[in-house]
Amino acid sequence: MSIRDVYIVDAVRTPIGKFGGALSSVRPDDLAAHVVKALVDRSPALDPARVDDVYFGDANGAGEDNRDVARMAVLLAGLPTSVPGVTVNRLCGSGMEAVIQAARAVALGDASVAIAGGVESMSRAPWVLQKPERAFPAGHQQLHSTTLGWRMTNPRMPAEWTVSLGEGAEQVADKHAITREAQDAFALASHRKAAEAWAKGLYDGEVVPYPGVELARDECIRDSTSPEALAKLKPSFRPDGGTVTAGNASPLNDGAAALLLVDEAGLRETGREPLARIRASAVTGIEPQLFGLGPVEAVRRALDKAGRGFSDLTTFELNEAFAAQALGCLAEWPELDPTVVNPRGGAIAIGHPLGASGARLAGAVAHQLAAAGSGTGLAALCIGVGQGIALVLER
């Protein structure tokens, strides 16, 4: 059986909303449906019935995104009921996992045309209540927030594994001696690059605003932030001597992203020039508390599979869950030119809607390669509970 080339024809995303912000009134299944519909509408030559499957990442799945949000997006977007949909969960890597699984289906001939993406509404993540051990309990019951982090933790898990995400970032900072000043400088650069990219119109070709919502740009970008403003913020996880703050970490967000993946036959049906081709991918595991360094080995493996090295990279979208985490990864890739990393800003400024981020990064790399005309691009994320994921694209 021959392996087919897999092309990314198009990629779209919503502007990323802040927690409780402009997109907080929009259900996650509606966010997902919006990017699916926008993606199909942008390829009018393609019969929507030709979409063989829709893969969507979703990290929560506890609220309105329950019951297979991918299939719900297909139906809400008005695609034919013959188009199926499957939801995948690799936490922060879910959107990229969806892209990888869709690409695998196309490469193996199980699909000719597929949509892959991701969605998250952290604003609308519900509180959940465990079923009681016995009927009719007389006492109070505890609600658990599903917005972020550990919940209903298995007591058999070692305590060092179940620290908060922020404490895990502090441990990465300890490991690599990353100072508060370095983290704040990284965060400041993220905001400045994102603001500049928007001002230059570099996101105009991929961002599709949600109808009826006044949000044309990513909501968390702070154009006016400064080293002084960032320095005033208190540590969020270690009150005494901590370095991780709300200013040098990604915020809580809402958003969705989607990509159109095709083989040669599907490419002819779209009548479009592809943005990029998928070359290789990799996923790896690491100690849960050091989740922030998860991309280190995943990136190396993906590049090795692609027959490429760090010097070949035209652009590299590295998810900025925390500045400490991103800087820790960069410290372990001394061969990498840091100027190719997140040239249009990263998640600290743009936002990190968990299940959508991997798809956003993959789409961003595809658009950047198309703008450059040629090159090799890489996208990677750290994943809570200790994993890393990476994807290599080329044009």
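The values are calculated or read from the model by the stated rules, or taken from the named source; none is laboratory data. Since the structure is predicted, the reported quantities are computational estimates derived from the model, not experimental observations. Quick reminder, even Gly has a Cβ in these numbers, built from the backbone with ideal geometry, and neighbours come from all protein chains shown. Heavy atoms of the whole protein, side chains included, go into the accessibility calculation; ligands, DNA and RNA do not. Shrake-Rupley method; radii C 1.70, N 1.55, O 1.52, S 1.80 Å.
Within segment 385-395, which residues are open to solvent by less than 10 Å² (accessible area, probe 1.4 Å) and within 19 Å of THR147 (Cα to Cα)? Once the filter is applied, which keeps residues that are open to solvent by less than 10 Å² (accessible area, probe 1.4 Å) and within 19 Å of THR147 (Cα to Cα), segment 385-395 yields only GLY386. For segment 64-84, a residue qualifies if it is in a loop (DSSP other than H, G, I, E, B) and of a type outside the set (Val, Ile, Thr), and the qualifying residues are GLU64, ASP65, ASN66, ARG67, ASP68, ALA77, GLY78, LEU79, PRO80, SER82, PRO84.
Among residues belonging to segment 49-63 that are in a loop (DSSP other than H, G, I, E, B) and within 16 Å of THR270 (Cβ to Cβ), point out the one that is most open to solvent (accessible area, probe 1.4 Å). Explain how you work it out, then say what you get.
Filtering segment 49-63 for residues in a loop (DSSP other than H, G, I, E, B) gives 51-52, 58-63.
Adding the requirement that they be within 16 Å of THR270 (Cβ to Cβ) leaves 51-52.
On the way: VAL51: 5, ASP52: 59 Å².
The residue in question is ASP52.
Scanning segment 64-85 for residues that are of a type in the set (A, V, I, L, M, F, W, C) and open to solvent by less than 60 Å² (accessible area, probe 1.4 Å) turns up VAL69, ALA70, ALA73, VAL74, ALA77, LEU79, VAL83. Taking each residue of segment 174-186 that is open to solvent by 50 Å² or more (accessible area, probe 1.4 Å) and looking for partners that are assigned to a helix (DSSP H, G or I) and not hydroxyl-bearing (Ser, Thr, Tyr) with beta-carbon atoms closer than 6 Å, six or more apart or interchain, yields HIS176/GLY328; HIS176/ALA331. Filtered by the rule that a residue be over 25 Å from SER357 (Cβ atoms), without any contact (Cβ under 8 Å) to a residue 60 or more places away in the chain and of a type outside the set (A, V, I, L, M), segment 225-272 gives SER226, PRO227, GLU228, LYS232, LYS234, PRO239, ASP240, GLY241, ARG268. Going through (1) of a type in the set (A, V, I, L, M, F, W, C); (2) at negative phi; (3) surrounded by fewer than 21 Cβ atoms within 10 Å (Cβ to Cβ); (4) part of a loop (DSSP other than H, G, I, E, B) one by one, MET152 falls short only on (2).
Consider segment 293-331 and keep the residues that are without any contact (Cβ under 8 Å) to a residue 60 or more places away in the chain and outside any helix (DSSP H, G or I). The one that is surrounded by the fewest Cβ atoms within 10 Å (Cβ to Cβ) is GLY307.
Every residue in segment 342-373 that is outside any helix (DSSP H, G or I) and either crowded, with 24+ Cβ neighbours inside 10 Å or at negative phi (or both), please. Step through it out loud before you land on a result.
To start, the set of residues in segment 342-373 that are outside any helix (DSSP H, G or I) comprises 342-346, 351-353, 373.
ASN342, PRO343, ARG344, GLY345, GLY346, GLY351, HIS352, PRO353 - these are the residues of segment 342-373 that are outside any helix (DSSP H, G or I) and either crowded, with 24+ Cβ neighbours inside 10 Å or at negative phi (or both).
Scanning segment 22-44 for residues that are over 20 Å from GLU206 (Cβ atoms), surrounded by fewer than 24 Cβ atoms within 10 Å (Cβ to Cβ) and not basic (Lys, Arg) gives SER24, SER25.
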